[in-house]
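Below is one structure, written out as structure tokens; comments come after it.
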Amino acid sequence: MERLLLSGNEAVARGARDVGVARGVGYPGTPSSEILEVFHRLGGAAAWAPNEKVAAEVALGVAFARARALVTMKHVGLNVAADVLFTSAYSGVDGALVLAVADDPGLASSQNEQDTRRYAVAAGVPLLEPSDSQEAYDFTRLAFELSERWHVPVILRLTTRICHSSTVVCCDAPAVPPPAPVFVRNIPQRVMVPGHARAAHQRLRQKLSELAAWNEVSGPNRRWPGSSELGIIASGVAVQYAREAAPDAAIFQVGLSHPLPIQAIRDFVASVSRAVVIEENDPCMADAIRAAGLTIDSAPAMYRQGELTVGRVRRILAGDASAEPVPAARRPPQLCQGCPHRRVFEILKKHDCIVAGDIGCYTLAALPPLSAMDIQICMGASIGVGLGLRHVLPREQAMRVVSVIGDSTFVHSGLTGLAEMAYNVPDTGHVLLILDNATTAMTGRQQHPGTGYRLDQTPTNRLDYVALARAMNIANVAQFDPVRETDALEQALVEALQKAELTVLVARRPCILIPAGKS
Amino acid sequence: MMIDSVTNFRIVGLGGMGVLTASQIVAQVFFRQGYAVKKAEVHGMSQRGASVCSDVRVGPQVWSPTIPAGEVGYLVLLDPQERPLYEAELRPQAVVLEPAMIEKARLPHSRALNVAMLGVLSRHFQIPGAAWLEVIREVFPPRLHAANEAAFLAGCDSP
């Protein structure tokens with residue numbers, strides 16, 4: 001038996017390899033990024049897509065061809081891919097489609113703490129929650145089994161602590177041979193016009209009720225015997241904290257939390273004098289269990305924010321809602337010394353620009369001492385938000401608005417923003433700065449369609465931002481090296497800020513962390 | 001010494017100092033001795049000068065991947081200035097290891113400090129140096145073997 005020490009991400013990749021995944025597709029996002037990189041190293045066909053929606057669409061095509069597909073993303077990526085999720089839940093799949101989605105309770109590296117479990121309920125798809133790397137491996141395999149058996153997409157919900165903790169894994173189950181891809185026409189099932197979709201919705205609800213029945217009896221849920229005084233219902237990494245915080249408690253571990261095994265939970269609650277639900281992020285299970293008419297305790301509202309810990313679980317069990325000790329301030333991250341982004345933001349600061357920013361390393365420019373970014377919300381928003389400001393601000397302020405976006409983020413969600421810029425031109429025009437450091441730097445330097453290389457480092461077509469902006473009829477387009485041509489870049493920006501026209505400036509210089517010869 | 005209850009290591013420093021590499025080595029060394037091991041860390045900020053910390057927990061059975069408050073048994077500091085952040089996390093009689101324990105002249109390169117600190121740490125356990133060196137050689141590319149082996153031995157010999 002192979003005994004390994006694997007991170008949750010490595011375990012998901014290995015599970016995908018062992019279950020014969022034909023293609024893994026995703027967009028990098030902490031804490032999910034390593035899954036596809038490891039899958040590739042294990043011999044799997046893995047690719048970075050421009051964004052999560054495209055990744056999910058490619059994967060859906062794979063699954064329509066009776067093959068097995070894995071999509072990876074961070075929690076906010078599912079917002080982008082949600083359109084695919086909701087209607088592929090109706091159409092179902094012929095092979096298997098699994099979305100590994102990594103939540104970030106505590107915001108280690110994210111813009112919000114949204115809970116992916118809400119999506120499973122909203123879209124009507126099963127959702128698995130591993131509590132360590134062994135289960136990350138086992139549940140990955142199970143997710144493909146369930147997807148294939150019920151012809152439905154399945155979400156594997158990970159969290160930062162699962163993705164980036166290493167625990168012992170035994171991978172002894174035999175590898176599953178992959179099915180042979182084939183196209184079989186089935187128009188009513190795959191063309192979601194209203195007449196077809198009504199029947200498809202009915203089929204989805206039928207599948208979910210079958211899955212719920214299966215989950216009651218055969219689901220990956222586990223009952224640990226313990227005291228009849230205290231019973232804990234937990235999922236994900238919270239199971240580990242509960243085991244340590246209350247070693248004598250009886251525990252019901254929910255592995256498949258949508259659809260919830262409500263009868264099994266009802267039996268468990270009846271077997272103890274006090275039942276407490278421990279879950280990270282939103283009170284999804286607690287609400288559903290209460291809605292089923294059961295009496296349980298759950299965490300005071302304050303524990304909805306931040307990660308759980310053994311200490312916090314002890315407090316929840318004690319009903320302690322007093323203020324928690326404030327953790328000591330840690331040194332914040334900053335742009336690297338020599339980072340080409342620094343030059344650009346020094347210029348923007350000098351000219352008192354109103355900067356609609358975006359997501360990437362360069363978001364660090366919002367922090368002191370630079371403090372040179374005014375807005376950052378979601379991938380690609382810099383362009384639309386910048387345009388909105390330009391449309392309504394008084395002319396003096398509007399003329400200072402600049403949208404700033406990184407290369408990978410521009411490809412992810414900036415293309416349509418640029419189309420909007422060319423289409424609904426503000427009276428003052430607009431200025432877009434594309435910071436092209438030839439990589440997806442913040443998540444660990446992954447390739448993207450603007451680098452000319454694929455995930456496996458083989459060369460491919462490279463998207464040309466200058467040609468693209470010209471093709472969209474942007475009047476002024478230029479490219480500069482922000483380190484070698486700092487003055488020219490500054491002059492071009494100043495000129496752009498003075499005229500009521502559209503300008504796209506590309507600041508192109510590779511990230512200093514890219515090994516020489518790689519860009 | 002044999003480990004019969006959970007032993008908790010926390011390795012801390014700043015991004016770029018090799019905190020995650022050091023914790024990977026500690027985790028692998030104890031894992032190969034047959035222990036249950038869990039290692040926790042947060043990625044994403046490691047190249048950018050931020051505080052970085054990684055927990056390794058070792059024992060016959062480990063639940064939480066992170067160390068509960070007040071239960072750090074071994075604190076390995078790659079940057080002594082980070083110490084105040086973790087003082088309250090220490091167990092009574094915790095072992096705190098600082099870079100000052102390494103004889104500077106014997107450190108082949110400042111970047112090998114992380115491995116040198118593991119040499120200091122290794123003296124608290126009856127695991128042969130060869131077991132540590134085996135993992136160190138697997139973690140680093142061959143061109144860095146000599147420097148890291150020398151750093152580890154410098155840590156082992158620290159006063």
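The values are calculated or read from the model by the stated rules, or taken from the named source; none is laboratory data. Model, not experiment: these values are computed from the prediction. FYI the Cβ positions are ideal-geometry reconstructions off the backbone, even for glycines, and counts take in every protein chain you see.
Overview of results
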item: Hits in the stretch B:6-47 - residues which are among the small types (Gly, Ala, Ser), touching a strand residue (DSSP E or B) at 6+ places or on another chain (Cβ under 6 Å) and assigned to a loop (DSSP other than H, G, I, E, B); result: B:15, B:46
item: Residue among B:61, B:93 that is under 16 Å from residue A:165 (Cβ atoms) and either surrounded by fewer than 17 Cβ atoms within 10 Å (Cβ to Cβ) or more than 9 Å from chain A (Cβ to nearest Cβ) (or both); result: B:61
item: Helices (runs of 4 or more DSSP H) within the stretch A:251-346 that include 2 or more residues within 14 Å of chain B (Cβ to nearest Cβ) and buried (at least 21 other Cβ atoms within 10 Å of the Cβ); result: A:310-317
item: Selected residue (only one of A:11, A:46 is modelled with pLDDT of 95 or more and out of contact with any Cys (no Cβ under 9 Å at 6 or more places or on another chain)); result: A:46
item: Qualifying residue in the stretch A:415-422 (condition: under 30 Å from residue A:47 (Cβ atoms) and in contact with a Cys (Cβ under 6 Å, 6 or more places away or on another chain)); result: no
item: Condition check for residue B:76: buried (at least 22 other Cβ atoms within 10 Å of the Cβ), more than 14 Å from every other protein chain (Cβ to nearest Cβ) and part of a helix (DSSP H, G or I); result: no
item: In the stretch A:7-26, residue farthest from residue B:23 (Cα to Cα) [restricted to those that are among the aliphatic types (A, V, I, L, M) and in contact (Cβ under 8 Å) with a residue 60 or more places away in the chain]; result: A:22
item: Residue within the stretch A:402-412 that is farther than 29 Å from residue A:50 by Cα, modelled with pLDDT of 95 or more and not in a strand (DSSP E or B) present; result: no
item: Some residue of the stretch A:161-180 being more than 14 Å from chain B (Cβ to nearest Cβ) and within 16 Å of the chain's Cα centre (by Cα); result: no
item: Residue check, residue A:407 at positive phi, away from chain B (no Cβ under 14 Å) and charged (D, E, K, R); result: no
item: Selection from the stretch A:347-379 of residues that are within 13 Å of chain B (Cβ to nearest Cβ) and under 24 Å from residue A:51 (Cβ atoms); result: A:359, A:360, A:361, A:362, A:363, A:364, A:365
item: Scope the stretch A:462-502; condition small (Gly, Ala, Ser) and assigned to a helix (DSSP H, G or I); matching residues; result: A:467, A:469, A:471, A:488, A:492, A:496
item: Pair list, Cβ < 7 Å and 6+ apart or interchain, from the stretch A:122-136 residues that are away from every other protein chain (no Cβ under 12 Å) to residues that are among the polar types (S, T, N, Q) and surrounded by 24 or more Cβ atoms within 10 Å (Cβ to Cβ); result: A:127/A:257; A:129/A:235; A:129/A:257
item: Exclusive hit being small (Gly, Ala, Ser) and within 14 Å of chain B (Cβ to nearest Cβ), set A:88, A:147, A:109; result: A:109
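To keep it simple, each residue is scored yes or no on (1) of a type in the set (Gly, Ala, Ser); (2) within 30 Å of residue A:122 (Cβ to Cβ).
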{"site": "A:296", "(1), (2)": "no, yes"}
{"site": "A:305", "(1), (2)": "no, yes"}
{"site": "A:311", "(1), (2)": "yes, no"}
{"site": "A:318", "(1), (2)": "yes, no"}
{"site": "A:333", "(1), (2)": "no, no"}
